[in-house]
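Please treat every number below as a calculation from the coordinates, not as lab data. Please read these numbers as outputs of a predicted model, since none were measured by experiment. As a convention, Cβ positions derive from the backbone with ideal geometry for all residues, glycine included, and neighbour counts pool all protein chains shown.
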Amino acid sequence: MRTHPKYIFLVSIFLIISACSPSQPTNIPTVTEPVFLTLPITDTPALSTETPSPTNTPLPALERAQYILNTTIDYDAKTVTVDQTIRYSNLTGNQLNTLVLAITPNLWDGSFALNSLAIDGQPVTTYTLDGQRLDISLASLLPAGGVTEIQIGFTLTLPFAEQEDPSVSRPRIYGYTSRQINLVNWYPFVVPHINGEWILHDPWFYGEHLVYDTADYEVNLKFTEPAAAPGATMPIVAASGVPEAQPDGSTRYTITAARTFALSASRDFQTSSTQLGDISLTSYYFAFNERGGQAALQTSAQALQVFSTKYGAYPHKSLAIVMGDFNDGMEYSAFYYLSKDFYNLYDGTPANYLTFVAAHETAHQWWFDQVASDQAIQPWLDESLATYSERIFYENTYPDILSWWWSYRIDFYKPEGFVDIPIYEGQGFRPYTNATYFQGAHFLEKVRERMGDEAFFAFIQDYYNQGRGKIVTANDFFRILRTHTSADLSDLINQYFRNVYQ
């Protein structure tokens, strides 16, 4: 997710910069259609950090990959040292002779240092690390259904993220600011393999470019003693997953069937929490924004209840709502950021940025974390639904201001354009969001009007159930939609979409 209307001059200068199209790189990726990955969701036991298996002992079959990250953070030096184990299950249906991993910290000069690399306990000597892409040649073929274990040792030197980067039209999140450390897309991960191709797109000036399979995560986290400031307090940590204190003083976080693991740490965080059944929600914010921090928590709790009823049960045991020391909002599994400006502009009412963006980011726990898509090539699949979820939130929570939401949030910019553009063809941040987010919301509203509420929400629930744990496509969306209505939608599809979907 990103931002919106009248407070643009306050909300972030990056919107102003991106309203004009920046110079566009020439290596625009080819638009391709991914397919469903048949990867069911089931709870799994906590991961262990056992010694790597001998190469002659087959690893047990896995339903999805497992990531174990033994992580040490030096908060004052802004460095992170990690010993990582990936247990990768080949669910592609074909044998593999290579693996491709995304290492996005390597996009920052000097931020990523690869200390060691081994597969099934054997050092790897044949690999290529180019930008964010790590190609590893396997010593032997990995059969369909086979499991291999990758051991990676690396060090991160975090970049200063508070300064705007003129080469992009949105602020950096990965790195550190004067008040927090933000670890997002910070570890190597095996990218999806779809239709015989490894899916790793180039980053862009706006939007998200990464695509994720589901995985189980165990992060064992500890901090070095603050040598630069003896007696300083340890940072408060917001993270994906449920924390559990360990006998050695570290904290273990676990989350199953997730797309990502994100983490933010700050000595300045204040926290407020609430419980919904067995789900713990915690809001992390800076002391001067307590009112906004409480409101973000309340909105997330309300939205979680609404979406659990309308879409399907929330799948995780925690949700972290984190005030970002930057001008952006962003979703991760069981975790999302809200821009500091949303807190600064909060006026104590639900008719404001903080409320509708908090609802939007909460909705991404369904339309990103559970039902994933190719965020670079078909970003509308999660962004249109997350934006329209704001409408569903307001109609069920604050129905008296629903018309305000339509006029202020959606129609203020007079949105136009085709919904199904890739991020690379958005012609700037504002035209891109007008089409993908706002035109997408209008399309869903018209489909709902034509189908009726009962059929529309039956479709949404079916789409969620069929897509959960998978990477879906526009063809999947329309295929499932057509099973829930006999209404002719061709005029709406022709109006809002440039492509024809089966």
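If we count every other residue with Cβ under 13 angstrom of SER490's Cβ, Lys/Arg +1 and Asp/Glu -1, where does the sum land?
Working: positive: LYS446, ARG450, ARG482; negative: ASP488, ASP491.
Once all neighbours under 13 Å are counted, the net charge is +1.
For the charge dipole of the chain, defined by +1 on Lys and Arg C-beta atoms and -1 on Asp and Glu C-beta atoms about the Cα centroid, which residue among ILE194, PHE438, MET330 has the Cα displaced farthest towards the positive pole?
PHE438
Please arrange ILE194, ILE401 by how many other C-beta atoms lie within 10 Å of their C-beta, fewest to most. Can you show the working numbers first?
On the way: ILE194 20, ILE401 16.
Going from sparsest to densest Cβ surroundings: ILE401, ILE194.
Counting only GluC sites (Glu not before Pro) that sit in a DSSP loop (anything but H, G, I, E, B) with at most 12 other Cβ atoms within 10 Å, what is the longest stretch of the chain containing none of them? Let's see the in-between values first.
Values: sites that count: GLU50, GLU416.
Counting at most 12 other Cβ atoms within 10 Å as exposed, the longest clean stretch of the chain is 51-415.
Considering Cα pairs under 8 angstrom that are at least six residues apart, work out the relative contact order of segment 212-329 and quote it in whole percent. Provide the component values of the computation, followed by the final result.
Values: 187 pairs, mean separation 29.5, N = 118.
Averaging sequence separation for qualifying contacts and normalising by length gives 25 percent for segment 212-329.
Exposure proxy check: ARG498, ARG409 ranked by fewest other beta carbons within 10 Å? Don't jump to the answer; show the numbers that get you there.
Working: ARG498 12, ARG409 23.
Going from sparsest to densest Cβ surroundings: ARG498, ARG409.
Just add up the charged neighbours of VAL419: K/R +1, D/E -1, any other residue whose Cβ is under 11 Å from the Cβ of VAL419. Don't skip to the end; give the middle numbers.
Numbers: positive: ARG498; negative: GLU383, GLU416, ASP420.
Net local charge, VAL419 excluded: -2.
Setting aside same-chain residues fewer than 8 positions from LYS470, which lysines have a Cα under 30 Å from its Cα?
LYS310, LYS317, LYS446
I'd like the antiparallel share, as a percent to the nearest 5, of DSSP beta bridges with both residues in segment 63-265.
Details: 61 of 71 bridges.
In segment 63-265, approximately 85 percent of DSSP beta bridges are antiparallel ones.
Please give every one of the lysines within straight-line cross-link reach of LYS340, meaning a C-alpha to C-alpha distance under 22 Å, and leave out same-chain neighbours fewer than 8 residues apart.
Once the sequence-local lysines are set aside, what remains near LYS340 is LYS6, LYS78.
Taking the Cα centre of segment 327-486 as origin, sum charge times position over the Cβ atoms of Lys and Arg (+1) and Asp and Glu (-1), and report the length of that vector in debye to the nearest 20. Each step should come with its number before you reach the end.
Numbers: 12 positive and 22 negative charges, 52 e Å.
Using Cβ point charges on Lys, Arg, Asp and Glu, segment 327-486 gives about 240 debye.
Among ALA313, VAL242, HIS209, which residue has its Cα positioned farthest towards the positive end of the charge dipole of the chain, with +1 placed on the Cβ of Lys and Arg, -1 on the Cβ of Asp and Glu, and the dipole taken about the Cα centre?
Result: ALA313.
Sequence gap at least 6, Cα distance under 8 Å: using those rules, report the relative contact order of segment 63-265 to the nearest whole percent. Don't jump to the answer; show the numbers that get you there.
On the way: 456 pairs, mean separation 49.9, N = 203.
Value for segment 63-265: 25 percent.
Among the DSSP beta bridges whose two residues both lie in the chain, what percent are antiparallel, rounded to the nearest 5?
Details: 73 of 96 bridges.
Once the DSSP bridges in the chain are tallied, antiparallel ones form about 75 percent.
Taking the beta-carbon count within 10 Å as an exposure proxy, list ILE423, ILE181 from fewest neighbours to most.
Details: ILE423 25, ILE181 22.
Lowest count first: ILE181, ILE423.
With an 8 Å Cα cut-off and a minimum separation of 6 or more residues, compute the relative contact order for the chain in percent.
That works out to 16 percent.
Counting only DSSP beta bridges with both residues in segment 296-368, tell me the antiparallel percent, nearest 5. Intermediate values should be presented prior to the final figure.
Numbers: 3 of 8 bridges.
Roughly 40 percent of the DSSP beta bridges within segment 296-368 come out antiparallel.
I want to check the label-to-label distance for ASP76 and TYR398. Put each point 7 Å from Cα in the C-beta direction and report it in nm to one decimal.
It works out to 4.4 nm between the two label points.
Once you charge only the Cβ atoms, +1 for Lys and Arg and -1 for Asp and Glu, what is the size of the charge dipole of segment 189-294 about its Cα centre, to the nearest 20 debye? Write out the running numbers ahead of the final one.
On the way: 5 positive and 12 negative charges, 66 e Å.
Taking the Cα centre of segment 189-294 as origin, the dipole is about 320 debye.
Compactness ratio of segment 63-265: Cα Rg over 2.2 N^0.38 Å, N = residue count?
Values: Rg = 17.3 Å, N = 203, 2.2 N^0.38 = 16.6 Å.
Dividing the Cα radius of gyration by 2.2 N^0.38 Å gives 1.04.
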